[in-house]
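Just so you know, all these numbers are worked out from the coordinates, no wet-lab data involved. Worth saying up front: this structure is predicted, and the values here are computed from it rather than measured. Here Cβ is always computed from backbone atoms with ideal geometry, including for glycine, and neighbour counts include all displayed protein chains.
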Amino acid sequence: MTNENLWIQETADKIKKKMEIVAERSRHKIPYTTQNGEHDDWTEKNICWWTNGFWGGIMWQLYHATGNFLYKEIAIETEEKLDRNLMIHQGMDHDSGFKWLPTSGAHYRLDGDPKAYNRLLLAADNLAGRFNPAGGFLRAWNDQGNGEKSGWAIIDCMMNLPLLYWASELTKDCRYRQVAELHGNIAMKYFVREDGSIKHIVEFNPVTGEYLRSHGGQGYKRGSVWSRGQAWAIYGFALSYRHTGEKKYLECAKKAADYFITHIPKGKGIPVDFLQPEDCTWEDSTAAVIAACGMLEISSHIEGSREEYKRNALYLLKFIARNRCNFTLDTDNLVERCTAAYHDEKHEFSIIYGDYFFIEGIWKLTGQELFIW
Ligand code: GLY
């Protein structure tokens with residue numbers, strides 16, 4: 001076994017050893033972060049929160065890799081809890097892909113479960129209903145009912161498009177795919193700058209569809225480069241290529257990845273924003289692991305520079321495993337120093353999708369991944 005393969009195997013084993021204990025401890029929760037090393041629970045706090053599918057996703061990935069039925073039971077419990085989203089006013093937004101692909105999507109793919117199928121299609125119908133025909137984009141967030149955000153689209157949505165691609169594959173109804181491609185084309189035109197950097201929020205006139213302005217969103221400021229947004233673009237455009245075969249999406253994913261790669265700081269974690277002030281040390285480890293998954297997705301589709309993207313993905317995953325991971329058994333999280341948004345009060349804590357994409361990335365390397373997107 002090469003040193004590389006040995007490292008991958010050892011890291012996968014450490015994850016499995018820790019998660020067997022964590023799953024038992026947190027089995028009835030839907031965690032977002034940890035407090036003093038203990039998972040919190042969003043089941044009652046906010047069942048509609050956009051990250052509530054990742055705990056189920058972690059459980060399905062572990063079930064797929066180990067066959068331990070405990071993980072499957074927990075994943076199904078989470079999936080069932082998410083049904084409440086459908087009955088809550090504004091319980092749904094564009095993040096339906098994040099909620100239902102790692103839960104119902106995984107369940108349907110593994111078991112062909114009919115309820116999981118229904119949930120997937122309900123979520124896809126709702127997502128497609130957010131399409132703005134004048135501007136050709138999917139509306140991102142809800143607002144207070146005053147229309148303030150009805151023209152807002154965000155780069156994260158590229159990761160929700162696979163729900164629409166899947167819906168077309170399941171139903172043989174091409175409309176979902178058409179909506180996804182129209183949004184993808186608009187995202188390519190308005191979110192991607194000449195140098196490959198990505199805007200977080202783009203605002204359109206919701207009546208005419210005209211481009212109005214961009215917003216800095218969760219990054220440092222307008223015109224800056226939020227690192228997790230950059231990572232969503234890498235993975236999201238690469239996935240649109242996987243589902244459509246349209247080369248333009250792969251080229252776009254590579255352009256976003258090239259920008260990310262040239263801005264990886266030597267020996268340090270990924271900053272929250274690639275253009276944050278020099279004296280700011282805030283990091284976001286989620287950007288590192290999501291970008292790594294995106295680069296591995298790109299490398300699976302190309303011949304020439306395949307090693308370049310795989311090498312950088314490995315660098316990012318190794319950096320996180322060695323410097324930003326907690327493998328001790330008495331804390332519930334794996335990945336540390338994650339940041340939700342530059343202007344939030346709190347920075348550098350554990351976030352559930354950091355753990356999810358770290359595991360997905362390592363599983364891609366071991367070949368044990370359950371493909372979710
Ligand atoms: N999708 C929201 C975020 O990345 O924070």
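The charge dipole of the chain, taken about its Cα centre with unit charges on the Cβ atoms of Lys, Arg (+1), Asp and Glu (-1) only, comes to about 620 debye. Reducing region 290-314 and region 62-89 to their Cα centroids gives an inter-centroid distance of 30 Å.
Here's how it looks for residue 273: its modeled amide H is under 5 Å from those of 227, which are all 5 or more places away or on a different chain.
For residue 152, the residues whose amide H sits under 5 Å from its own are 140, 204, ignoring neighbours fewer than 5 places away on the same chain, with H placed 1.01 Å from N.
With the charge dipole of the chain set up from +1 on Lys and Arg Cβ and -1 on Asp and Glu Cβ about the Cα centre, the Cα lying farthest toward the positive end among the listed residues 286, 155, 133 is that of 133. Each peptide in 8-17, 282-291 was scored by the mean count of other Cβ atoms within 10 Å over its residues; highest first, the order is 282-291, 8-17. Think of it as helices only: each DSSP H run of n ≥ 4 in the chain is worth -39500 (n - 2.57), and spread over all residues that comes to -16000 deg cm²/dmol at 222 nm. With no solvent and one equal point scatterer per Cα, compute the Debye intensity ratio I(q)/I(0) for region 75-216 at 0.20 Å⁻¹ and report its log10, rounded to two decimals. Values, matching the q order: -1.17. 3J(HN,Hα) along region 69-77: 5, 4, 4, 5, 4, 5, 4, 5, 4 Hz, from the Karplus curve 6.51 cos²θ - 1.76 cosθ + 1.60 with θ = phi - 60°, whole Hz, x for Gly and Pro.
Taken one residue at a time, the phi angles of region 125-141 give Karplus couplings (6.51, -1.76, 1.60, θ = phi - 60°) of 4, 5, 5, 4, x, 8, 6, 9, x, 5, x, x, 10, 8, 5, 7, 8 Hz. Gly and Pro are set to x. Normalised by the number of residues in region 294-373, the mean separation of alpha-carbon contacts (under 8 Å, six or more apart) gives a relative contact order of 19 percent.
Net charge around residue 204, counting only other residues with Cβ within less than 14 Å of its Cβ (Lys, Arg = +1; Asp, Glu = -1)? For residues surrounding residue 204, the net value is +3.
Anisotropy class assigned to region 133-194 is oblate, per the alpha carbon gyration tensor with a/c at or over the 1.5 cut-off and a/b no larger than b/c. Only Lys, Arg, Asp and Glu carry charge here, each on its Cβ (+1 for the first two, -1 for the last two); on that basis region 251-315 has a dipole of about 220 debye about its Cα centre.
Residue pairs exceeding 24 angstrom between C-alpha atoms, taken from 99/364; 221/268; 99/248; 255/346; 172/254; 149/199: 99/248; 255/346; 172/254. Taking all Cα pairs closer than 8 Å and separated by 6 or more residues, the relative contact order of region 224-373 comes to 23 percent.
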